[in-house]
Amino acid sequence: LKFTLLVAITLFLTSNVKAQVSGTLILTVVSVTNASCPDAGQVVLGGNGVGHPSVIFKIISGPSHIGLQQSSEIFNSLSTGSYTFEANDGTQTAQVSATINNTYSPINTNFSVSVSGECTNYTPGGTIAIGAVGGGTPPYQYSFVKNNFANYDDALSVYTNSNTFNATSWGTYQVRVKDACGVFITKTT
(Lines give C-alpha, C1' and ligand atoms only; values in the text may rest on other atoms or scores of the structure.)
Protein backbone atom coordinates (compact mmCIF):
# COMPACT_ATOMS: atom_id res chain seq x y z
CA LEU A 1 0.00 0.00 0.00
CA LYS A 2 2.84 2.41 0.84
CA PHE A 3 4.51 1.67 -2.49
CA THR A 4 1.27 2.20 -4.43
CA LEU A 5 0.62 5.48 -2.61
CA LEU A 6 4.19 6.66 -3.28
CA VAL A 7 3.88 5.83 -7.01
CA ALA A 8 0.51 7.64 -7.21
CA ILE A 9 1.92 10.79 -5.54
CA THR A 10 5.01 10.74 -7.77
CA LEU A 11 2.90 10.36 -10.91
CA PHE A 12 0.60 13.20 -9.80
CA LEU A 13 3.48 15.58 -9.11
CA THR A 14 5.39 14.82 -12.31
CA SER A 15 2.29 15.11 -14.50
CA ASN A 16 1.68 18.68 -13.26
CA VAL A 17 5.19 19.96 -13.90
CA LYS A 18 6.05 21.40 -17.30
CA ALA A 19 9.26 20.17 -18.81
CA GLN A 20 11.99 22.74 -18.33
CA VAL A 21 14.92 23.43 -20.57
CA SER A 22 17.70 20.96 -19.89
CA GLY A 23 20.80 22.66 -18.57
CA THR A 24 21.12 26.37 -17.93
CA LEU A 25 18.61 28.57 -19.77
CA ILE A 26 20.46 30.74 -22.29
CA LEU A 27 19.03 33.82 -24.03
CA THR A 28 20.77 35.62 -26.92
CA VAL A 29 19.96 38.22 -29.55
CA VAL A 30 19.92 36.76 -33.07
CA SER A 31 19.08 39.98 -34.91
CA VAL A 32 17.93 43.58 -34.45
CA THR A 33 16.07 45.46 -37.17
CA ASN A 34 16.37 49.20 -36.64
CA ALA A 35 13.28 51.40 -36.94
CA SER A 36 13.09 52.73 -40.50
CA CYS A 37 9.56 53.86 -39.60
CA PRO A 38 8.35 54.94 -36.16
CA ASP A 39 7.58 51.91 -33.98
CA ALA A 40 8.87 49.49 -36.60
CA GLY A 41 11.86 47.92 -34.86
CA GLN A 42 12.22 44.16 -34.44
CA VAL A 43 14.27 41.92 -32.16
CA VAL A 44 14.69 38.19 -32.75
CA LEU A 45 15.88 36.27 -29.69
CA GLY A 46 17.80 33.02 -29.65
CA GLY A 47 19.11 30.50 -27.17
CA ASN A 48 18.24 27.03 -25.99
CA GLY A 49 14.69 28.03 -24.97
CA VAL A 50 13.52 28.90 -28.48
CA GLY A 51 10.84 26.46 -29.57
CA HIS A 52 10.57 24.94 -26.10
CA PRO A 53 6.90 24.75 -25.02
CA SER A 54 7.50 25.90 -21.44
CA VAL A 55 9.52 29.04 -22.28
CA ILE A 56 7.84 32.45 -22.16
CA PHE A 57 9.62 35.51 -23.58
CA LYS A 58 8.96 38.91 -22.06
CA ILE A 59 10.02 42.56 -22.36
CA ILE A 60 10.97 43.64 -18.84
CA SER A 61 12.26 47.14 -19.65
CA GLY A 62 12.31 49.48 -22.61
CA PRO A 63 10.50 52.39 -24.23
CA SER A 64 7.48 50.33 -25.39
CA HIS A 65 5.58 47.09 -24.75
CA ILE A 66 6.92 46.61 -21.20
CA GLY A 67 5.39 43.47 -19.72
CA LEU A 68 4.50 41.94 -23.10
CA GLN A 69 4.73 38.13 -22.77
CA GLN A 70 4.63 35.68 -25.62
CA SER A 71 5.76 32.22 -26.64
CA SER A 72 7.41 33.57 -29.80
CA GLU A 73 11.00 34.77 -29.73
CA ILE A 74 10.23 37.52 -32.29
CA PHE A 75 9.20 40.96 -31.01
CA ASN A 76 7.79 43.39 -33.61
CA SER A 77 6.52 46.99 -33.69
CA LEU A 78 9.11 48.20 -31.21
CA SER A 79 9.99 51.86 -30.64
CA THR A 80 13.59 53.00 -30.76
CA GLY A 81 15.62 52.61 -27.58
CA SER A 82 17.19 50.02 -25.28
CA TYR A 83 15.28 46.91 -24.18
CA THR A 84 15.83 44.09 -21.73
CA PHE A 85 14.23 40.76 -22.63
CA GLU A 86 13.70 37.77 -20.39
CA ALA A 87 13.11 34.08 -21.02
CA ASN A 88 11.48 31.99 -18.29
CA ASP A 89 10.90 28.24 -18.34
CA GLY A 90 9.08 28.05 -15.00
CA THR A 91 12.20 27.50 -12.90
CA GLN A 92 14.98 29.49 -14.57
CA THR A 93 15.23 32.92 -16.09
CA ALA A 94 17.74 34.46 -18.48
CA GLN A 95 18.03 38.04 -19.67
CA VAL A 96 19.58 39.85 -22.62
CA SER A 97 19.60 43.45 -23.81
CA ALA A 98 19.24 44.95 -27.29
CA THR A 99 19.07 48.46 -28.73
CA ILE A 100 16.90 49.53 -31.65
CA ASN A 101 18.29 52.57 -33.43
CA ASN A 102 16.19 55.15 -35.26
CA THR A 103 16.89 55.31 -38.99
CA TYR A 104 13.66 57.21 -39.77
CA SER A 105 13.99 60.82 -40.89
CA PRO A 106 10.71 62.78 -40.48
CA ILE A 107 9.00 64.49 -43.41
CA ASN A 108 10.60 67.88 -43.95
CA THR A 109 8.09 70.58 -42.94
CA ASN A 110 9.41 73.19 -45.37
CA PHE A 111 7.77 71.80 -48.52
CA SER A 112 5.92 74.48 -50.44
CA VAL A 113 2.21 74.83 -51.13
CA SER A 114 1.16 77.14 -53.95
CA VAL A 115 -2.22 78.21 -55.26
CA SER A 116 -2.89 79.30 -58.84
CA GLY A 117 -5.83 79.94 -61.14
CA GLU A 118 -8.07 81.59 -58.55
CA CYS A 119 -11.01 83.52 -59.96
CA THR A 120 -10.27 82.42 -63.52
CA ASN A 121 -13.22 83.46 -65.72
CA TYR A 122 -15.16 84.31 -62.54
CA THR A 123 -15.44 80.64 -61.52
CA PRO A 124 -14.74 79.62 -57.91
CA GLY A 125 -11.74 77.49 -57.06
CA GLY A 126 -8.19 77.13 -58.27
CA THR A 127 -5.28 74.71 -58.29
CA ILE A 128 -3.32 73.77 -55.19
CA ALA A 129 0.14 72.32 -55.78
CA ILE A 130 2.60 70.83 -53.30
CA GLY A 131 6.29 71.45 -54.00
CA ALA A 132 9.18 69.06 -53.42
CA VAL A 133 8.81 66.95 -50.29
CA GLY A 134 11.84 65.52 -48.53
CA GLY A 135 12.47 63.25 -45.59
CA GLY A 136 10.12 60.57 -44.43
CA THR A 137 9.90 57.32 -46.36
CA PRO A 138 8.77 57.65 -50.00
CA PRO A 139 6.49 57.16 -51.80
CA TYR A 140 4.38 60.09 -50.64
CA GLN A 141 0.62 60.45 -50.87
CA TYR A 142 -1.36 63.68 -50.81
CA SER A 143 -4.73 64.73 -49.42
CA PHE A 144 -6.67 67.99 -49.85
CA VAL A 145 -9.59 68.58 -47.47
CA LYS A 146 -11.70 71.73 -47.34
CA ASN A 147 -12.07 72.70 -43.66
CA ASN A 148 -10.62 75.08 -41.08
CA PHE A 149 -9.06 72.50 -38.78
CA ALA A 150 -5.48 71.37 -39.35
CA ASN A 151 -5.91 68.61 -36.72
CA TYR A 152 -8.92 66.98 -38.41
CA ASP A 153 -9.38 63.20 -38.20
CA ASP A 154 -7.19 61.58 -40.84
CA ALA A 155 -10.05 59.19 -41.70
CA LEU A 156 -11.56 62.16 -43.61
CA SER A 157 -8.58 62.23 -45.96
CA VAL A 158 -8.64 60.59 -49.36
CA TYR A 159 -5.03 60.14 -50.43
CA THR A 160 -3.80 60.10 -54.01
CA ASN A 161 -0.42 60.01 -55.71
CA SER A 162 -1.00 63.44 -57.27
CA ASN A 163 0.58 66.46 -55.63
CA THR A 164 -1.90 68.84 -57.33
CA PHE A 165 -5.59 69.39 -56.66
CA ASN A 166 -8.19 71.28 -58.66
CA ALA A 167 -10.45 72.92 -56.09
CA THR A 168 -14.00 73.60 -57.23
CA SER A 169 -14.78 76.15 -54.53
CA TRP A 170 -13.04 78.91 -52.63
CA GLY A 171 -12.11 78.42 -49.01
CA THR A 172 -9.55 77.11 -46.60
CA TYR A 173 -7.96 73.75 -47.42
CA GLN A 174 -5.87 71.40 -45.31
CA VAL A 175 -3.08 69.91 -47.40
CA ARG A 176 -1.54 66.68 -46.08
CA VAL A 177 1.51 64.75 -47.13
CA LYS A 178 1.72 61.17 -45.86
CA ASP A 179 4.74 58.91 -46.27
CA ALA A 180 4.96 55.12 -46.59
CA CYS A 181 5.23 54.84 -42.79
CA GLY A 182 1.83 56.51 -42.33
CA VAL A 183 3.33 59.69 -40.84
CA PHE A 184 1.76 62.90 -42.14
CA ILE A 185 2.32 66.65 -42.08
CA THR A 186 -0.53 69.15 -42.55
CA LYS A 187 -0.36 72.68 -43.95
CA THR A 188 -3.25 75.12 -44.19
CA THR A 189 -3.79 77.11 -47.40
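Given that compact globular proteins tend to follow 2.2 N^0.38 Å, what is the ratio of the alpha-carbon Rg of region 24-106 to that value?
Working: Rg = 12.5 Å, N = 83, 2.2 N^0.38 = 11.8 Å.
Compared with the compact-globule rule of thumb, region 24-106 sits at 1.06.
Per residue, how much accessible surface does region 98-139 expose to a 1.4 Å probe? Answer in Å², no decimals.
Dividing the accessible area of region 98-139 by its residue count gives 57 Å².
According to the square roots a ≥ b ≥ c of the eigenvalues of the Cα gyration tensor, what is the shape class of region 114-177, taking rounded for a/c under 1.5, prolate for a/b larger than b/c otherwise, and oblate for the remainder?
Working: a/c = 2.48, a/b = 1.49, b/c = 1.66.
Because a/c hits 1.5 or more and a/b fails to exceed b/c, region 114-177 counts as oblate.
Tell me the mean residue ellipticity at 222 nm calculated for the chain from its helices only (DSSP H runs of n ≥ 4, each -39500 (n - 2.57), averaged over every residue, nearest 500).
The helix contribution divided over the chain gives -2500 deg cm²/dmol.
Expressed as a rounded percentage, what relative contact order does the chain have, with Cα pairs under 8 Å and six or more residues apart?
Once divided by the residue count of the chain, the mean separation gives 16 percent.
Work out how far the C-alpha atoms of the chain reach from end to end along every principal axis, then list the three figures in whole Å, largest first.
106, 32, 21
The values are calculated or read from the model by the stated rules, or taken from the named source; none is laboratory data. Remember, predicted model here, so these are calculated numbers, not experimental data. With ligands, DNA and RNA removed, areas are computed over all heavy atoms of the protein, side chains included. Shrake-Rupley method; radii C 1.70, N 1.55, O 1.52, S 1.80 Å.
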